[in-house]
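Report on the structure given below.
The values are calculated or read from the model by the stated rules, or taken from the named source; none is laboratory data. Fair warning: this is a prediction, and the values are worked out from it, not measured in the lab. Virtual Cβ from ideal backbone geometry, glycine too; neighbours counted across all protein chains shown. Accessible surface areas use protein heavy atoms only, side chains included; no ligands, DNA or RNA. Shrake-Rupley method; radii C 1.70, N 1.55, O 1.52, S 1.80 Å.
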Amino acid sequence: MTIRCKAAVLRAVGAPRPWAQSKPISIEEVNLASPRPVELLVRIVGAGLCHSDLSMINGDRPRPVPIGLGHEGSGEVVEVGSAIDDVRTGDHVVFQFSASCGRCRRCLEGRPQVCERARIAKAACELMAGGSRITALNGERIGHQLGLSCMAEYVVVDRGSVVVIDKDLPLADAALFGCAVMTGVGAVVNTARIRAGDSVAVIGLGGVGLSGILGARLAGAGTIIAIDREPAKLEVARRVGATHAICARDADCVEQVRDLTGGGVDYAFELAGSAEAMTMAYALIQYGGTVVVCGLPPSSACISVNQCDLVGQEKSIRGSFMGSCVPVRDIPRFLRLYQEGRLPVDQLIDGYIGFGELNAGFDKLQDVLAIRQILRPQAAVPDRAQRTARAVLEQVKT
């Protein structure tokens, strides 16, 4: 049995701007195959527009097309595979963009975010049981983005791609916890494990970077320095917890950080996804400091560091994928902190859009006119009144 639904399908990489006119994303009817025994059918309620999606559209990190877009989402379970006994129809779920098998070496050592089987499936744009469940009406195979492709009315996903959440939470907004929050907050509290009073710099203030600011404030960092090329984003960062904000365009940006901190920060988080930002992050840390790299740069990006400096000053460079999170543990606890008012993630949401606004929505993301927009594929788009992040961005830019 197949289900027919509407989905956002990327059919062109590196299309000319504006995308609102060239329309690299096609909104089309597709067929979804029924879930296999270890899979679920989910009705999508919210899907965030993220820079990881943007990097596929603009060609920074191209993937084979056609591919269904979307990796940060939430929804309601409508069908459960026959081999699954811990998820029920009607459950509310948040997606996590790296399913885990629970049996490979990395899963067994408590690192499901780098599951070896999931890596192979994601590289092939398939689900972990093999193959794609999405086809165009003419039978053409459509790939899955990170095992999800949740910019659609419905998706079929692996059991390991979902985390069941409290039904009292606003389900569309909860989508952010599957990528932006998990990656940004997780990098601070899991990968770096910063301590109260530590000094922190966050470079790159998209949804993930601003989540890193929220995480640093939550963890009790004494100095939180936000760094970005866009003044509008610096203003948002101040509102969500940065103690200082510095424009990356300033020729003396590094010197400003060193002056503020007496020689450099304890931790520098690279969340811009560029070699230039990574080089700056390394220059910002003091003796014994650590760089945590979370941003995904173009696939050809390389950096170099002075080996003597790395050893002699006992500096560290650490990669952080998915915020080193165990999603079934961390997504619920981050959501509890949100409910308690300690992780005000809603301040990062600009507003909601429909399918017809999706190409233009990515134009806004590319042009720094939005932090996080949420696609609502099932419902009439709610009130268009500006949310906090969009209001600040547009105010500063004008």
Does segment 329-347 include one or more residues that are under 21 Å from Leu146 (Cβ atoms) and either outside any helix (DSSP H, G or I) or of a type in the set (S, T, N, Q) (or both)?
no
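Here is a yes/no grid of residues against (1) within 26 Å of Lys167 (Cβ to Cβ); (2) at pLDDT 95 or above:
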residue	(1), (2)
Val9	no, yes
Trp19	no, yes
Ile27	no, yes
Ala47	yes, yes
Ser52	no, no
Asp60	no, no
Glu79	yes, yes
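Inside segment 207-220, can you point out the residues that are open to solvent by 10 Å² or more (accessible area, probe 1.4 Å) and either touching a helix residue (DSSP H, G or I) at 6+ places or on another chain (Cβ under 6 Å) or not small (Gly, Ala, Ser) (or both)?
First pass over segment 207-220, keeping only residues open to solvent by 10 Å² or more (accessible area, probe 1.4 Å): 208, 217-220.
Val208, Arg217, Leu218, Ala219 - these are the residues of segment 207-220 that are open to solvent by 10 Å² or more (accessible area, probe 1.4 Å) and either touching a helix residue (DSSP H, G or I) at 6+ places or on another chain (Cβ under 6 Å) or not small (Gly, Ala, Ser) (or both).
Is it fair to say Pro37 is within 25 Å of Ser320 (Cβ to Cβ), open to solvent by 60 Å² or more (accessible area, probe 1.4 Å), not polar (S, T, N, Q) and not in a helix (DSSP H, G or I)? Spell out how you get there, then give the answer.
Values: within 25 Å of Ser320 (Cβ to Cβ): no; open to solvent by 60 Å² or more (accessible area, probe 1.4 Å): yes; not polar (S, T, N, Q): yes; not in a helix (DSSP H, G or I): yes.
Taking the combined requirement at face value, the residue does not satisfy it.
Condition first: hydrophobic (A, V, I, L, M, F, W, C), closer than 14 Å to Val65 by Cα, in contact (Cβ under 8 Å) with a residue 60 or more places away in the chain and assigned to a loop (DSSP other than H, G, I, E, B). Now tell me which residues in segment 105-151 satisfy that.
Of all residues in segment 105-151, those hydrophobic (A, V, I, L, M, F, W, C) come to 107-108, 114-115, 118, 120-121, 123-125, 127-129, 134, 136-137, 142, 146, 148, 150-151.
From what's left, closer than 14 Å to Val65 by Cα: 123-125, 134, 136, 142, 146.
Cutting the leftovers down to in contact (Cβ under 8 Å) with a residue 60 or more places away in the chain gives us 125, 134, 136, 142, 146.
Of everything in segment 105-151, those that are hydrophobic (A, V, I, L, M, F, W, C), closer than 14 Å to Val65 by Cα, in contact (Cβ under 8 Å) with a residue 60 or more places away in the chain and assigned to a loop (DSSP other than H, G, I, E, B) turn out to be Cys125, Leu146.
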So which residues in segment 8-33 are open to solvent by less than 10 Å² (accessible area, probe 1.4 Å) and either among the charged types (D, E, K, R) or under 21 Å from Ile44 (Cβ atoms) (or both)?
Ala8, Val9, Leu10, Pro24, Ile25, Val30, Leu32
Could you grab the pairs with beta carbons closer than 6 Å, sequence gap of 6+ or different chains, first residue in segment 288-315 and surrounded by 10 or more Cβ atoms within 10 Å (Cβ to Cβ), second one outside any helix (DSSP H, G or I) and polar (S, T, N, Q)?
Thr290/Ser316; Val292/Ser320; Cys294/Ser320; Pro297/Ser274
Go through (1) in contact with a Ser or Thr (Cβ under 6 Å, 6 or more places away or on another chain); (2) at pLDDT 95 or above and name the single condition Pro66 misses.
(1)
